[in-house]
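Heads up, the thing below is written out as structure tokens.
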Amino acid sequence: MDTSSPAVFVNGEIMKLYMGRRVRTVVQVVRNEGGAVVGQSTDNQQLTVKGGATSVPVTHFMEVIGIADGPQSIRAEICSDFGSNFDTSSYNGLCKLANGQFKNLFL
Amino acid sequence: MLHPQFDQNSVSLFAGPGFMPSQPTQVADPSASPSKKGRSNLHQGIIPVTVKQIADAFASFGEKSNLKINGVDISIVRVLGLVTNKVERVTDVSFTIDDGTGKINFNRWINDASDTTELAPIQNGMYVRVHADLKGFQGNMCAYLISARPMNDFNDVVLHFIECAHTNLLTERVNTVTLTQGGIGSSIGQLTAPSQTPTHFSHSDGTYSAPFPGSTAYQASFPNQTNQAAYSYSSMDSSGNAMFSMVLEVFQDPSNLRHEHGLHIDDVIRKLGIPRNKILDAINYLVDVGHIYSTIDENHYKSAQNY
């Protein structure tokens with residue numbers, strides 16, 4: 001077992017608390033700009049995913065695991081296509097739980 | 001998502017459609033005493049956990065005890081995450097799951113071709129739902145794979161972690177109830193009962209999982225009780241005896257012994273401030289054992305001792 005590099009569940013707002021740390025979030029792909037993907041976070045903030053998988057279609061949801069290197073920017077390590085059917089409000093609630101009352105289960 | 005209600009007695013590892021392990025697993029007597037050591041007293045449901053929870057449980061794992069999460073002995077767990085490092089060998093298949101809270105290695109012995117074909121769709125970089133049996137042995141923890149299925153609906157990822165939090169809440173609540181029951185204190189009246197029925201979560205692929213059903217074992221233990229419930233005559237515990245002694249002391253008070261007809265019940269109630277029915281219980285008991293006796297009518301009693 002290895003719990004040395006956990007990825008924190010974040011939305012746009014919570015990510016600001018974890019600058020430089022490994023985070024995970026889900027964004028809805030808005031557009032591709034060269035090597036970066038611009039997406040909307042589950043709390044309706046615009047995030048830029050550097051090195052994001054450009055294979056994920058626009059309007060699909062994409063999970064990004066990587067390093068938060070700016071208040072609205074992630075340097076992606078792993079991207080997963082979460083399809084077009086994803087409940088953003090549940091994920092947003094999970095981000096709050098995972099960083100609040102149940103932090104000990106995650107970090 | 002459906003949340004069907006199940007009778008507590010029907011909760012078992014094999015409840016619900018679509019889940020039957022190919023490897024034999026231990027099915028223990030569900031009525032086994034929790035104080036018995038060994039694997040026969042393990043919780044028989046599947047507990048959704050994060051890898052962090054497993055790591056914490058393993059850190060406090062003792063050789064002679066079972067793996068515990070929140071004081072609950074656990075065996076079968078559900079983990080959900082990304083597959084990495086899949087290695088297929090002749091004798092076994094192993095892969096690592098990274099669920100964002102940590103990485104854990106799972107192993108599956110290959111007994112026949114069905115084991116290989118079952119795990120063939122699992123590839124690196126894929127999200128899978130894993131059910132596994134955790135065993136500790138000589139300071140190491142082994143996770144033996146029961147089933148691994150690729151995920152179709154990624155809302156299940158969110159649901160899994162919410163279930164981990166929910167199960168954590170249930171087990172914490174059970175521990176609080178256990179401590180309070182052991183105290184038999186005034187806090188019984190203030191404790192609210194946990195949820196009446198176990199909730200089960202159905203997933204898009206038809207599997208069911210049971211959060212800790214033992215929590216419902218405590219639901220019937222909390223009728224409307226107040227502080228004074230501890231003084232119930234029928235319980236005959238140490239608190240009841242204390243009240244009987246108090247009533248007896250009133251009757252044995254020398255100033256009361258002077259009265260030829262003893263004390264009226266209302267006088268005793270006024271002196272002690274305890275409800276009438278409790279006083280009557282005490283008086284009935286004291287009459288039965290012979291400490292007091294009735295005098296001019298059924299409302300007057302006097303101590304049998306003459307100081």
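Note on residue A:45/residue A:84: beta-carbon distance plugged into 1/(1 + (r/R0)^6) with R0 of 25 Å gives a FRET efficiency of 0.80. Relative to the longest principal axis of the Cα atoms of chain A, helix A:88-98 runs at roughly 30 degrees. Counting Cβ atoms of other protein chains within 10 Å of each Cβ in A:9-19 and taking the mean gives 0. Would you list, by chain and number, the aspartates and glutamates whose Cα falls below 13 Å from the Cα of residue B:135, excluding same-chain residues fewer than 8 positions away? Result set, ordered by chain and number: B:63, B:73. How high is the FRET efficiency between residue B:296 and residue B:241 when r is their beta carbon distance and R₀ equals 30 Å, given to the nearest 0.05? The formula returns an efficiency of 0.55 here. In this simple spin-label approximation, residue B:280 and residue B:144 carry label points 7 Å from Cα along the Cα→Cβ vector, and these lie 6.2 nm apart. Straight-line cross-link partners of residue B:103 among the aspartates and glutamates, defined as a Cα under 15 Å from its Cα and at least 8 positions apart when in the same chain: A:2, B:56.
The calculated FRET efficiency for the pair residue A:21 and residue B:109, based on their C-beta separation and a Förster distance of 45 Å, comes to about 0.75. Cross-link partners of residue B:302 among aspartates and glutamates, defined as those whose alpha carbon lies under 15 angstrom from its own and excluding same-chain residues fewer than eight positions apart: B:249, B:253, B:260, B:266, B:267, B:288.
Taking the centroid of alpha carbons for each part, region A:17-48 and region B:81-128 are 30 Å apart.
The order of B:104, B:110, going from fewest to most other C-beta atoms within 10 Å of their C-beta, is B:110, B:104.
Where a number appears in this text, it was derived from the coordinates with a stated rule and is not lab data. Remember, predicted model here, so these are calculated numbers, not experimental data. Heads up, the Cβs are rebuilt from the backbone with ideal geometry, glycines too, and the neighbour counts pull from every protein chain shown.
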